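Working notes for the structure below.
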Amino acid sequence: MSGVIGKRVLITGATDGIGLAMACKYAQAGARVLATGRRPLARTDDIFGGATLTYIRADQSEPEEAARSIVQTMKTMGWTGCDLAILNAGIGWAGNPADEPAEVLAEQVAVNVESPVQIARAIAPALFEAKGQLTLIGSIAHKGSKKFATYAATKAAQRGLARSLREEWRDRANVQILHPGAIRTGMHAKAGFKAGMFRIFFTGSRRASNAILSAIESGVAERVIKRNFIFRTGWRTPRRLRKVQ
Ligand SMILES: NC(=O)c1ccc[n+]([C@@H]2O[C@H](COP(=O)([O-])OP(=O)(O)OC[C@H]3O[C@@H](n4cnc5c(N)ncnc54)[C@H](OP(=O)(O)O)[C@@H]3O)[C@@H](O)[C@H]2O)c1
């Protein structure tokens, strides 16, 4: 990663999965990182290893409160601007939509939709000050995904938000949304989805976070982040025999 030394980077949902990987990478590369999550942490080292960063609990099931805590902490850290904000925190629920409990549905909307709206609104002045970038971590599920109806709806809402803010904030801050495909993190298990043997087709979390980081660096407006499978067809000579020939 180039050019991140001293940059002020906010990452939500940084206690697990790709958020955790990105927070550690930015901190190790010399960025000033404000990482958030829903868990209270007595010692940041327990999760972030040796990475030097600031962690606060900002529970996005309470969107306004989460946004307020983030802005308050930025002020305490002396940040007048923010160079990069990665709104990554997200949850899902897998199953028949008819069986989805109302409170689970409401929580997904609060964490995945209301919170990004509230946080983006709250940190806009800091992003404008730095002419920074807002990156939303969406999902290819925004197109619709069986067993993940509410989750898919929230990801479609994120796309609408990103595309709207991109126009609203033109010339003041860059806005992008990235749409990862299935990644090998704990998210599916937390959502109650048993991927079984299909998990081998998921992108490894390290590879996915590297691809996400390079898309963030490029500043591209939208990008799908997924593994490409190249199936070779036809007969091929095994390598061992090719050497002999
Ligand atoms: N994994 C995939 O296949 C996949 C595919 C496409 C898009 N995505 C998106 O990528 C993002 C990260 O997913 P992931 O796979 O890395 O999931 P993950 O491993 O479950 O990490 C999600 C992060 O969000 C945090 N979070 C959950 N609820 C929160 C709340 N109420 N307040 C604050 N933080 C909260 C989690 O905290 P805890 O550590 O306490 O759980 C965790 O740090 C999500 O937006 C997800 O929708 C994932």
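The values are calculated or read from the model by the stated rules, or taken from the named source; none is laboratory data. Bear in mind the structure is a predicted one, so any value in this text is a computation, not a measurement. Positions of Cβ are backbone-derived with ideal geometry, glycine not excepted, and every protein chain shown enters the neighbour counts.
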* Asked: Restricting attention to the stretch 136-154, does a residue exist that is basic (Lys, Arg), in contact with a helix residue (DSSP H, G or I) (Cβ under 9 Å, 6 or more places away or on another chain) and within 25 Å of residue 216 (Cβ to Cβ)?
  -> yes
* Conditions: (1) crowded, with 22+ Cβ neighbours inside 10 Å; (2) part of a helix (DSSP H, G or I); (3) touching a helix residue (DSSP H, G or I) at 6+ places or on another chain (Cβ under 8 Å). Residue 175 meets all but one. Number of the miss? -> (2)
* Please find, within the stretch 74-115, the residue that is surrounded by the most Cβ atoms within 10 Å (Cβ to Cβ) out of those that are among the small types (Gly, Ala, Ser) and without any contact (Cβ under 8 Å) to a residue 24 or more places away in the chain. => 106
* Structure fact -> The number of residues in the stretch 91-100 that are in a loop (DSSP other than H, G, I, E, B) and more than 16 Å from the ligand (Cβ to nearest atom) is 3
* Might you check whether a residue that is assigned to a helix (DSSP H, G or I), away from the ligand (no atom under 16 Å from the Cβ) and under 25 Å from residue 206 (Cα atoms) occurs anywhere in the stretch 29-39? => no
* To do: Kindly list, by first and then second residue, each pair from a residue in the stretch 1-22 that is touching a residue at least 24 places away in the same chain (Cβ under 8 Å) to a residue that is of a type in the set (Asp, Glu) and assigned to a loop (DSSP other than H, G, I, E, B), limited to pairs with Cβ atoms under 6 Å and residues at least 6 apart or on different chains.
  => 7/83; 8/83
* Just to be sure, is residue 16 crowded, with 16+ Cβ neighbours inside 10 Å, touching a Gly at 6+ places or on another chain (Cβ under 7 Å) and at pLDDT 95 or above? -> yes
* Asked: Among the residues of the stretch 114-136, which ones are in contact with a Gly (Cβ under 7 Å, 6 or more places away or on another chain) and either within 16 Å of the ligand (Cβ to nearest atom) or in a helix (DSSP H, G or I) (or both)?
  -> 126, 129, 130
* Taking residue 43, is it out of contact with any strand residue (DSSP E or B) (no Cβ under 6 Å at 6 or more places or on another chain) and not hydroxyl-bearing (Ser, Thr, Tyr)? -> yes
* Asked: So which of 71, 4 is under 18 Å from residue 115 (Cα atoms), surrounded by fewer than 23 Cβ atoms within 10 Å (Cβ to Cβ) and among the β-branched types (Val, Ile, Thr)?
  -> 71
* Pairs under 8 Å by beta carbon, first residue in contact (Cβ under 8 Å) with a residue 12 or more places away in the chain and of a type in the set (D, E, K, R) in the stretch 35-60, partner surrounded by 10 or more Cβ atoms within 10 Å (Cβ to Cβ) and assigned to a strand (DSSP E or B), six or more apart or different chains? -> 38/57; 39/57; 57/36; 57/37
* Looking at the stretch 1-22, which of the residues that are within 13 Å of the ligand (Cβ to nearest atom) and in a loop (DSSP other than H, G, I, E, B) is nearest to residue 122 (Cα to Cα)? -> 12
* Candidates 221, 191, 195 - the one that is modelled with pLDDT of 95 or more and within 13 Å of the ligand (Cβ to nearest atom) -> 191
